[in-house]
Amino acid sequence: MTETKESPSPSLIDKVGMDTPIEFSESTESAWIDVIQKMDKVYADLVHYQVELEQKNAELEEAQQFIRSVLESMTEVLVVCDVQGRILQVNQALEDLTGKPEAEWLHRSFVELFGEESQPLAGEFAEKLGSDAIMDCEVNLQTLEGGSMPLAMNCSSRYDVKGRLMGMVLIGRPVGELRRAYEKLNKAHGDLKQTQEQLVHSEKMASLGRLVAGVAHELNNPISVVFGNMHALKRYGERINGYLSAVGDQLSAELNQKLREDFRIDRIESDMGPLIDGTMEGAERISNIVLDLRRYSGVQKEKPERFDLRQVIQTAVHWVVKAAREKLDIVCDLPDDLQIVGRQGQVHQVLINLLQNAIDVMEGQQDPKLVIGCSKVQSRVSVTVRDVGPGIPQADLKKIFDPFFTTKAVGKGTGLGLYISYGLARDMGGDLQADNHPQGGAIFTLQLPLNGVDDE
């Protein structure tokens, strides 16, 4: 049985033909215009939405790239977890420390990041989600080859835009960096405190110098009076003795003897000379001390003069040893007489600093000993001060004369004594050197010109 195909009903085009114009009514034509306008509007909206979508995608890619660059540049460890503690994202710092890429950590428990001793503590992080953040909790992160690194870990909850709890964020910083930062800050604080102490001490020393200079100046007047009176008294004593002898010759021997015994003239005559001489010696010693104080105060720059270096060394040793708390064995190898030209007060100040430092480094040591030597080589003279202390570390030899450098505890040393002494030695045309003695202890050598330098 053969099938017969029914021919489709002819369309409007078939009826009228291709070349026959189609006639529409007004309502039909208006409907087509509305359809075309709506299609144009929809197309325009599609183009607008496409442009906006491309802009949003570009902004999203830029934001993602920014976040990725920030995460990669972080030196702190970053771990993002869900509410069950499964890892969702880590940063480059964690990958570098653990030696594993992010893909190996995804969807694993964050507790596996830490060593066994820290896992119980880390397990408490998830229990505190939604509560207060955990700050600076120290845990050990497992690193390459089974090692570990202490981290100061901070844990805070993570929420979505609707305020729903989504998980937690862990940020850990290597404790080594924190400790180094703390040590650096602590050292800076110590240096600042020491500098403050040094400045206060320097101001006190400057005030003390002015005070000493003022006191020395005021003492000069009464000392001068004592000197003048004692010289006059000495002359008067000689005249009185002569007068008494002359009067005694005019009396009878018995009366003269009786009067001399009653008034103890013989004892007065024998005591008057030593009393006057002793008072003169004491006044002279006081005058020398005042002169040394004025020189030591350093308020005014003195002019070069000729003086006995041996006497200055002995005076400096006497001052320092008298003020020392412990008994010292002093060995001096000095020439009988060594006249040089220079500023006596500055030389005295340098020697005081060197001797005091030598005594300080031997504090608490058994059998402390000071060895002072002096020798002349051609046109220069060298004074050495040696102690039997621990010596100077090699690393400190190059900076021993730097300002504010000291190995003493804060408040016990200013770090200015050797610095000032070095400057004074150079100012006088000499030099100051420090070294360790082959037999132990430190030795300082002060070199001075015999004939001084021109006073500018």
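Of the whole protein surface, Leu233 contributes about 80 Å² of accessible area at a 1.4 Å probe radius.
Would you work out if the range 103-149 is rounded, prolate or oblate? Take a ≥ b ≥ c from the square roots of the eigenvalues of the alpha-carbon gyration tensor; rounded if a/c is under 1.5, else prolate when a/b is larger than b/c, oblate otherwise. Taking the square roots of the gyration eigenvalues as a ≥ b ≥ c, the range 103-149 is oblate. Once Rg and the Kirkwood radius are both taken over the C-alpha atoms of the range 110-187, their ratio Rg/Rh works out to 1.06. Of the residues Cys332, Cys81, Cys137, ranked by 1.4 Å probe accessible area with the largest first, the sequence reads Cys332, Cys137, Cys81. Solvent-accessible surface of the range 22-88, averaged per residue with a 1.4 angstrom probe and all protein chains in place: 82 square angstrom.
Accessible surface of Ser69, taken over heavy atoms with a 1.4 Å probe and every protein chain present, rounds to 50 Å². Each residue of the range 116-125 is assigned a 3J(HN,Hα), and the resulting list reads 4, 5, 9, 5, x, 5, 5, x, 6, 4 Hz, derived from the Karplus form 6.51 cos²θ - 1.76 cosθ + 1.60 (θ = phi - 60°), x at Gly and Pro.
Multiplying the residue separation of Ile36 and Asn256 by 0.36 nm and subtracting their alpha-carbon distance yields 62.9 nm.
Under 5 Å from the amide H of Thr406 lies no amide H of any residue 5 or more positions distant or on a separate chain, with H modelled from the backbone and absent for Pro and chain starts. One chain, two ends: Ser287 and Lys187. Fully extended at 0.36 nm per residue, the span grows by 31.2 nm beyond their Cα-Cα distance.
In this simple spin-label model, placing a label point 7 Å from the Cα along the Cα-to-Cβ direction at both Arg179 and Ser270 gives a separation of 8.3 nm.
Across the range 222-227, rounded Karplus estimates of 3J(HN,Hα) from the backbone phi angles (6.51 cos²θ - 1.76 cosθ + 1.60, θ = phi - 60°) give x, 5, 5, 4, 4, 4 Hz, Gly and Pro being marked x. For the range 320-326, 3J(HN,Hα) computed residue by residue from phi via the Karplus equation (6.51, -1.76, 1.60; θ = phi - 60°) reads 6, 5, 5, 8, 6, 7, 10 Hz, glycine and proline entered as x.
The values are calculated or read from the model by the stated rules, or taken from the named source; none is laboratory data. What you are looking at is a predicted structure, and each value in this text was computed from that prediction instead of being measured. Glycine also receives a Cβ, built like all others from the backbone with ideal geometry; neighbour counts cover every protein chain displayed. The protein model used for the area step is the full one, side chains on, heavy atoms only, and it has no ligands, DNA or RNA in it. Shrake-Rupley method; radii C 1.70, N 1.55, O 1.52, S 1.80 Å.
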